[in-house]
Amino acid sequence: MRVILRQLYLFYYSFFSLFLCICFVTLLTIFSFVDNNQFYAFAHLNGSRIQEIIDTSDGIKIQFTYEPEKPIIDTFTKLYFSVQDLEGNHIQDVKASVIVTNGQRLFKFQNITSSDGDFNVEYIFPDDGTHQVITRIDTRTSILPASFSVFVPHQAPPSMLNPFPLPPDGKYSLGIIVSIILAIAIPIIAVISLIIVIKKH
């Protein structure tokens with residue numbers, strides 16, 4: 001009985017020691033990802049993918065973009081909006097609502113407020129194709145509707161032979177990288193721990 005308990009102790013000790021090492025490596029990977037990737041920050045929206053609606057009668061323009069550039073199905077996509085005057089100054093105290101639809105289903109974000117005219121929402125696109133992003137902007141002096149589009153490229157579903165298919169942009173997200181590391185590491189840790197126990201026995 002003592003021999004069995006000792007073997008179990010050695011197995012779990014070896015397993016958790018190696019597991020902690022893998023967790024440490026995973027954390028280093030996460031910190032490296034954060035340090036080496038630029039995350040979107042609001043000022044004015046910039047870039048060639050900016051969509052813009054201009055209302056000359058009210059002197060207001062609404063800018064829109066989204067990240068990532070190629071949205072991934074069943075993963076959060078950030079939708080960014082910026083409400084400005086025609087000179088590029090932010091409109092103060094904006095209220096908004098946003099509807100995302102593909103013509104068959106829709107999702108609505110309500111009661112959005114922004115003190116400086118910039119706001120964003122996160123949406124999970126359930127399927128590929130072109131989706132419409134419709135917003136209503138309420139300023140102190142006007143009500144403006146605007147419609148933008150988001151194209152979600154076709155993506156191969158996971159399979160037994162390819163459980164982590166490459167995203168449309170050709171880059172794995174941080175969450176997928178961590179999942180791959182753990183999916184590979186845990187079985188290896190278990191095997192190594194078992195070998196250690198057998199050798200010590």
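For the reader, a short list of remarks on this structure follows.
- Relative intensity, log₁₀ I(q)/I(0), of the stretch 51-152 from a Debye sum that treats every alpha carbon as a point, q = 0.11, 0.15, 0.16, 0.19 Å⁻¹: -0.31, -0.57, -0.65, -0.88
- Backbone HN-Hα couplings from phi across the stretch 65-79 [Karplus 6.51/-1.76/1.60, Hz, Gly and Pro as x]: 7, 8, 9, x, 4, 10, x, 9, 4, 6, 10, 4, 10, 8, 10
- Proximal aspartates and glutamates relative to Lys95, as straight alpha-carbon distance under 15 Å, when same-chain residues fewer than 8 apart are discounted: Asp116, Asp118, Asp138
- Extension gain for Asp55 to Arg105 (0.36 nm times residue separation, less C-alpha to C-alpha distance): 15.2 nm.
- When Thr101, Thr139 are arranged by Cβ crowding within 10 Å, least crowded first, meaning fewest neighbours, the order is Thr101, Thr139.
- Additional length obtainable on full extension of the chain from Val191 to Asp127, 0.36 nm per residue less Cα span: 19.2 nm
None of the figures in this text is laboratory data; all of them are computed from the coordinates on show. Predicted model only: the values in this text are computed from it and were never measured. So basically every Cβ, Gly included, is an ideal-geometry build from the backbone, and we count neighbours across all protein chains shown.
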